[in-house]
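The structure appears right after this line, and notes come after that.
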Amino acid sequence: MNVQTKPAEDIAALVAELGRRAAAAAIALRNATTETKNRALAGAARLIRNERAAILAANAKDIDAAKDAGMSAALQDRLLLNEARVEAMARGLDDIVALPDPVGAQIEEWTRPSGLVISRVRVPIGIIGVIYEARPNVTADAGALCIKSGNVVVLRGGSDSFHSSRAIVALLRQALDAAGLPEDCVQLVPTTDRAAVGELLRATQWLDLIVPRGGRSLIDRVTEESRVPVLRHYDGICHVYVDRDADVAMARDVVANAKM
């Protein structure tokens, strides 16, 4: 049976298995050194560059399906990957390698009148579910940010980008394995069936946080239905402040990109 059209009982079992594997991988990632995590991320960036032809071939399948479905040109552009966008994806991973490791960073410290010294230290959240729409680059971004912060991630991308996301996740998993970390630190829900989203939103026994990324309808559904804590973005005014010393041309490009 095609994995994209499993019956409901199989979807529940599939998501439960994702949770079992995520929980098994979480301890190793939580205790991983900065060097190990960065090695995995650098390896993933290298694989994305080396395997760009495979990524573009997978993306072509998504684009062909989008055209057949009558997707608008604007939405097809969101979905499209090309050489420049694949390179930007790899550079994004390089940028995350360069970020300081948040795990173990001390945020605050104070001393009680008794002399007891207390500190607040950053630790991983645990297992994060990321639900997002068409842009396949989010697959790499979300996976890499979770690796860097010591969080196992289960990704549920839009059905439109299924082939692209699957190709990208395969490379992330390959890089994790090469760095000595469990491949299951990053998993992709292997079905486009919307029932899988409902199962994730009810997975309180193993999922610690849901992060939806997309349009208002997606955010609303996740917020209304989730039994798992949700970290959401929502409508905003989105002011842009331009300092007197700013690069005005760059500021114009930022505004155009954000609004258009």
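Where a number appears in this text, it was derived from the coordinates with a stated rule and is not lab data. Source: prediction; values computed, not measured. A quick note on method: Cβ atoms are made from the backbone with ideal geometry, for glycine too, and the neighbour counts reach across all protein chains shown.
What to note about this one:
- Radius, Kirkwood style, for segment 6-95 when every pair of distinct Cα atoms is counted (Å): 16.2
- Rg followed by Dmax, in Å, when segment 105-260 is reduced to its Cα trace: 19.2, 59
- Computed over the chain, Cα set: Rg, Dmax in Å: 19.7, 70
- Helices that extend 18 Å or more along their long axis by alpha-carbon positions and average at least 0.0 on the Kyte-Doolittle scale are, among the DSSP H runs of the chain, 8-30, 83-98, 162-178.
- Over segment 181-260, the ratio between the Cα radius of gyration and 2.2 N^0.38 Å evaluates to 1.57.
- Entry note, the chain: relative contact order of 24 percent, from Cα contacts under 8 Å with a spacing of 6+ residues.
- Taking THR204, THR192, THR223 and counting other C-beta atoms within 10 Å, the order from fewest to most: THR204, THR223, THR192
- Per-residue ellipticity at 222 nm from helix content only, as computed over the chain with -39500 (n - 2.57) for each DSSP H run of at least four residues, stands at -17000 deg cm²/dmol.
- The chain: Lys pairs at Cα distance under 28 angstrom, eight or more positions apart or on different chains: 4
- Cβ-Cβ FRET estimate between ASP243 and GLN174, R0 fixed at 35 Å, reported to 0.05: 0.25
- For the chain, the residue among ALA258, THR33, ALA88 whose Cα projects farthest onto the positive side of the dipole built from Cβ charges is THR33.
- For VAL240, VAL228, order by how many other beta-carbon atoms lie within 10 Å, fewest first: VAL240, VAL228
- Exposure proxy ranking for ILE11, ILE147, ILE27, based on other Cβ atoms within 10 angstrom of each Cβ and starting from the fewest, stands as ILE27, ILE11, ILE147.
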